[in-house]
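Input: a single structure, listed below in structure tokens.
The values are calculated or read from the model by the stated rules, or taken from the named source; none is laboratory data. Just so you know, these numbers come straight off a predicted model, no measurement behind them. Positions of Cβ are backbone-derived with ideal geometry, glycine not excepted, and every protein chain shown enters the neighbour counts. Please note that ligands, DNA and RNA were not included when accessible areas were found on the heavy atoms of the full protein model with its side chains. Shrake-Rupley method; radii C 1.70, N 1.55, O 1.52, S 1.80 Å.
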Amino acid sequence: MLIKFPDKRYEVIQKIKSTGTLQLYIARDLNSPGLEVYTIACVSDSELIKRLILVTTRKNTSIAFKDLHDCFNAEGKYYIVFEYAQGKTLQQALAENDYNLQERLLLMKNIFAQIFLLDMPDCFIYEVLRKDSIVVDSALNIRFNYFFTELDYYWQVDEKNCLRRISDLVQELFRKEITGKSSRELMDFARDMEEDEYLYLWDSYEAFDNIYGKVLWQSEQHEIRPRRIWWRAWEWLKKELPVIKAMIAVALILAAGMYLLLHLPNPVLSEDGISFQQIGTLKIKEFDQGNTQQ
């Protein structure tokens with residue numbers, strides 16, 4: 001199958017998606033000397049075209065967004081041409097390779113770097129931050145593919161949505177260190193990402209960059225291992241300390257009450273008022289005033 005226009009010719013290698021409004025292909029550019037391969041989206045819905053123009057034309061996007069190769073109107077349809085990254089996806093690479101911590105740190109750093117290098121709109125950042133859209137080569141360099149998987153959601157995407165995608169990748173890449181509690185720095189960073197502590201992608205990158213060197217140094221000095229049982233016990237104690245303190249306080253109050261009941265004076269009510277027969281173990285005898293007078 002050919003996608004053919006007066007000055008463009010693309011040979012379709014694979015049809016990825018077909019909906020009522022979008023056709024998505026992987027195609028080879030027959031006019032290029034190297035027969036480069038691209039992802040081509042063909043959009044027929046007029047309202048969708050208007051929206052996509054705002055995030056795909058060179059007038060509306062950064063010149064740094066080099067993955068966006070071309071866009072044009074033809075025969076009442078709108079075509080968007082993206083660079084196609086060939087190779088293993090991050091999902092495949094993680095399944096097939098037992099990456100050590102240094103390699104996984106570099107992967108995360110390269111993902112951040114590629115995002116900022118391309119300076120793409122938020123909707124495409126959200127699109128590519130998926131394990132099956134990230135392509136990894138043997139040197140752990142990163143490239144992205146654009147498959148329009150959540151096209152209807154593009155117009156609601158903001159930086160917070162992109163940060164959540166980053167958080168998912170952090171959990172995936174450093175699951176061993178987080179679940180094994182072997183790196184305090186990575187655990188704190190993952191927690192902050194989950195709790196939306198960062199407002200912007202750059203903030204999250206700076207936080208990661210701040211711990212990158214320290215975690216890398218630790219991993220180079222020795223293999224980071226899960227903490228000993230006493231460390232985990234201390235972590236649990238710190239977490240449960242407020243509950244433990246409350247239980248201790250209740251126990252002390254109850255103990256004090258029992259002590260008072262058992263050891264305070266035992267009063268007896270009589271016509272002459274209240275008298276005490278005993279204080280602790282000391283018994284008190286009443287004084288007979290009549291005998292004293294005799």
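Of 148, 112, 144, all but one fail to be under 18 Å from the mean Cα position of the chain (by Cα) and among the aromatic types (Phe, Trp, Tyr); the exception is 112.
Here's the yes/no breakdown for (1) over 25 Å from the mean Cα position of the chain (by Cα); (2) modelled with pLDDT of 75 or more:
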{"site": "205", "(1), (2)": "no, yes"}
{"site": "208", "(1), (2)": "no, yes"}
{"site": "232", "(1), (2)": "no, no"}
{"site": "235", "(1), (2)": "no, no"}
{"site": "248", "(1), (2)": "yes, yes"}
{"site": "253", "(1), (2)": "yes, yes"}
{"site": "270", "(1), (2)": "yes, no"}
{"site": "273", "(1), (2)": "yes, no"}
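On the given criteria, is residue 138 small (Gly, Ala, Ser), farther than 27 Å from residue 19 by Cβ and either touching a residue at least 12 places away in the same chain (Cβ under 8 Å) or open to solvent by 30 Å² or more (accessible area, probe 1.4 Å) (or both)? Yes; evaluated as a whole, the condition is true for this residue.
Please go through region 107-127 and pick out each residue that is under 19 Å from residue 150 (Cα atoms) and either without any contact (Cβ under 8 Å) to a residue 24 or more places away in the chain or of a type in the set (Val, Ile, Thr) (or both). Those that are under 19 Å from residue 150 (Cα atoms) and either without any contact (Cβ under 8 Å) to a residue 24 or more places away in the chain or of a type in the set (Val, Ile, Thr) (or both): 115, 125.
Counting residues that are open to solvent by less than 50 Å² (accessible area, probe 1.4 Å) and within 27 Å of residue 137 (Cα to Cα), which strands (runs of 3 or more DSSP E) fully inside region 34-102 reach at least 3?
Those strands (runs of 3 or more DSSP E) span 37-43, 77-83.
What do you reckon, is residue 57 among the β-branched types (Val, Ile, Thr) and touching a Pro at 6+ places or on another chain (Cβ under 8 Å)? Spelling it out, it is not the case that residue 57 is among the β-branched types (Val, Ile, Thr) and touching a Pro at 6+ places or on another chain (Cβ under 8 Å).
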